Ligand SMILES: [Zn+2]
């Protein structure tokens with residue numbers, strides 16, 4: 001039986017139980033040498049499609065970006081949990097009643113209470129169940 005080598009395109013003969021072979025003997029030796037010792041093939045004809053190389057770089061970059069965003073996201077979630085746990089205390093400290101009705105106290109209280117809506121917390125500063133994303 002004959003097959004065509006995937007590397008050099010030349011026909012090579014195989015036995016009936018060797019249909020799995022894809023390379024002629026010289027190409028197989030070269031392929032094997034490369035896979036055992038990539039340095040051995042450096043400078044030789046193994047070319048990589050530049051688009052493939054470009055895409056690999058983009059994928060690596062996106063993976064780094066994803067890791068950074070996940071880290072940032074978990075830091076922000078930690079900060080949100082801390083804020084949620086202390087919101088009642090903060091509102092208590094800022095309440096205008098405790099500051100002779102000062103405008104800044106009123107502003108700060110409004111802003112702090114607004115965080116509940118922005119972050120989807122209930123009146124006890126826990127995530128409202130209806131705000132949990134179902135995607
Ligand atoms: Zn070949």
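No value in this document is a laboratory result; all are computed from the given coordinates. Everything quoted here is computed from the prediction, not taken from an experiment. Every residue, glycine among them, receives a Cβ derived from its backbone with ideal geometry; neighbour counts consider all protein chains shown.
List of remarks:
- Taking every Cα-Cα distance in the range 47-94 and sorting them into 5 Å bins from zero, the calculated P(r) comes out as 5, 18, 12, 12, 9, 9, 8, 7, 6, 5, 4, 3, 2, 0 percent.
- Globularity ratio of the chain, using Cα Rg and 2.2 N^0.38 Å: 2.29
- Separation of the residue 81 and residue 51 label points, Cα + 7 Å toward Cβ, nm: 4.6
- Label sites at residue 35 and residue 97, each approximated as a point 7 angstrom past Cα along Cα to Cβ, lie 7.7 nm apart.
- For the range 2-41, the square roots a ≥ b ≥ c of the C-alpha gyration tensor eigenvalues yield an a/c of 1.5 or more together with a/b exceeding b/c, which makes the shape prolate.
- 222 nm mean residue ellipticity, helices alone, for the chain (DSSP H n ≥ 4; -39,500 (n - 2.57); rounded to 500): -19500 deg cm²/dmol
- Inter-site label distance for residue 8 and residue 62 at 7 Å from Cα along Cβ, in nm: 3.9
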